[in-house]
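Remarks on the structure that follows.
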Amino acid sequence: MDPLLIDLPEHLETDRLLLRPPRRGDGRALNEAVCASQAELAPWMPWAATLPSVDESEAHCRRQHARFLLREDLVLLIFLRTAEGAGELVGATGLHRIDWHLRKFEIGYWRRSGREGSGLLTEAVRAVARLAFDVLDARRVEIRTDDRNVRSWKLAERAGFTLEALLRFDSVTPAGAPRSTRIYARVRGAEEPIGSARA
């Protein structure tokens, strides 16, 4: 099936969160969250090396919305759920490096500074994994994280992902230092039951 023909939900809801693709007008909220978190994100995320302008964040939201519609990259902003819908933007996640033929996806994530220890990001990652397996018939979903980013790989473990490998000095950090990468996965027939994915 052409990925453009795959119907995806307009948003995902968990007990505390609302996840949805970026759209026009989200730039200011995204900019505030990134700027508030830049010091914490910069050691791990190359895109956080410099502070973006509001216009740059708005352009990013519109670009990611287009890529979502084209099924090239499935970015989801994470908002606190309120009675009215979306509250504070507390991070982002999504399905990246998509291989539609194999049905393989990689989950990425970051959270707003000040929200650590709340379990919000674990809740979001679990919801995205369910989207991959239950809606997109994933065979394999990965999480890749810097070996030194303990919070990140502990989250992968809490979300039910299995450590498969440690790639020693396989890439570099945003600062240019050698980096080792932990690869976690959930796989159809292991952590996920056989029978749901397309043959």
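The values are calculated or read from the model by the stated rules, or taken from the named source; none is laboratory data. On a predicted model such as this, the values are computed, not experimentally measured, just so you know. When we count neighbours, we look across all protein chains shown, and the Cβ atoms used for this are built from the backbone with ideal geometry, even at glycine.
Of all residues in segment 140-153, at least one satisfies being touching a strand residue (DSSP E or B) at 6+ places or on another chain (Cβ under 7 Å), in contact (Cβ under 8 Å) with a residue 40 or more places away in the chain and over 23 Å from T173 (Cβ atoms). Taking the condition of a type outside the set (A, V, I, L, M), over 24 Å from R126 (Cα atoms) and surrounded by 12 or more Cβ atoms within 10 Å (Cβ to Cβ), does R62 pass? Yes. For L95, are the conditions met, namely being more than 10 Å from the chain's Cα centre (by Cα) and either of a type in the set (A, V, I, L, M, F, W, C) or at pLDDT 95 or above (or both)? So L95 does not fit the description; no. From the list T181, T122, the lone residue that is modelled with pLDDT of 95 or more, surrounded by fewer than 19 Cβ atoms within 10 Å (Cβ to Cβ), among the β-branched types (V, I, T) and farther than 22 Å from W47 by Cβ is T122.
Scanning segment 48-59 for residues that are of a type outside the set (D, E) and either surrounded by fewer than 18 Cβ atoms within 10 Å (Cβ to Cβ) or not in a helix (DSSP H, G or I) (or both) yields A49, T50, L51, P52, S53, V54, A59. Pull up segment 144-171, narrow it to residues that are touching a Lys or Arg at 6+ places or on another chain (Cβ under 8 Å) and surrounded by 15 or more Cβ atoms within 10 Å (Cβ to Cβ), then point me to the one that is nearest to E192 (Cα to Cα). Going through the qualifying residues, I end up with F161. I'd like to check something: does segment 167-182 contain any residue that is part of a strand (DSSP E or B), touching a Ser or Thr at 6+ places or on another chain (Cβ under 8 Å), more than 18 Å from L18 (Cα to Cα) and among the aliphatic types (A, V, I, L, M)? Yes, because at least one residue in segment 167-182 is part of a strand (DSSP E or B), touching a Ser or Thr at 6+ places or on another chain (Cβ under 8 Å), more than 18 Å from L18 (Cα to Cα) and among the aliphatic types (A, V, I, L, M). Contact map, segment 53-70: residues that are among the charged types (D, E, K, R) paired with residues that are surrounded by 13 or more Cβ atoms within 10 Å (Cβ to Cβ) and part of a helix (DSSP H, G or I), Cβ distance under 7 Å, separation 6+ or inter-chain. Pairs shown: E58/G27.
Tally the residues that are in a loop (DSSP other than H, G, I, E, B) and surrounded by 12 or more Cβ atoms within 10 Å (Cβ to Cβ), restricting the search to segment 1-47. Before the answer, list the steps.
From segment 1-47, those in a loop (DSSP other than H, G, I, E, B) are 1-2, 6-11, 14-16, 21-26, 42-45; that's our starting set.
Still in the running and surrounded by 12 or more Cβ atoms within 10 Å (Cβ to Cβ): 6, 8, 11, 14, 16, 21-23, 26, 42-45.
So the count comes out to 13.
Here's the yes/no breakdown for (1) of a type in the set (G, A, S); (2) farther than 16 Å from R112 by Cα; (3) in contact with a strand residue (DSSP E or B) (Cβ under 6 Å, 6 or more places away or on another chain):
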site: M1; (1), (2), (3): no, yes, no
site: E13; (1), (2), (3): no, yes, no
site: G27; (1), (2), (3): yes, no, no
site: A33; (1), (2), (3): yes, no, yes
site: A39; (1), (2), (3): yes, no, no
site: W47; (1), (2), (3): no, no, no
site: E56; (1), (2), (3): no, yes, no
site: R67; (1), (2), (3): no, yes, no
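For a quick check of your reading of the model, give me the residue pairs whose first member lies in segment 30-51 and is of a type in the set (K, R), whose second is modelled with pLDDT of 95 or more, with beta-carbon atoms closer than 9 Å and at least 6 apart or on different chains. Within 9 Å, no pair qualifies.
Filter segment 99-127 for residues that are in contact (Cβ under 8 Å) with a residue 60 or more places away in the chain, outside any helix (DSSP H, G or I) and touching a strand residue (DSSP E or B) at 6+ places or on another chain (Cβ under 6 Å) and give the result. Answer for segment 99-127, where residues must be in contact (Cβ under 8 Å) with a residue 60 or more places away in the chain, outside any helix (DSSP H, G or I) and touching a strand residue (DSSP E or B) at 6+ places or on another chain (Cβ under 6 Å): W110, R111, R112. Kindly evaluate G87 against the criterion of being of a type in the set (G, A, S) and either closer than 30 Å to D2 by Cα or loosely packed, with under 14 Cβ neighbours inside 10 Å (or both). So G87 does not fit the description; no.
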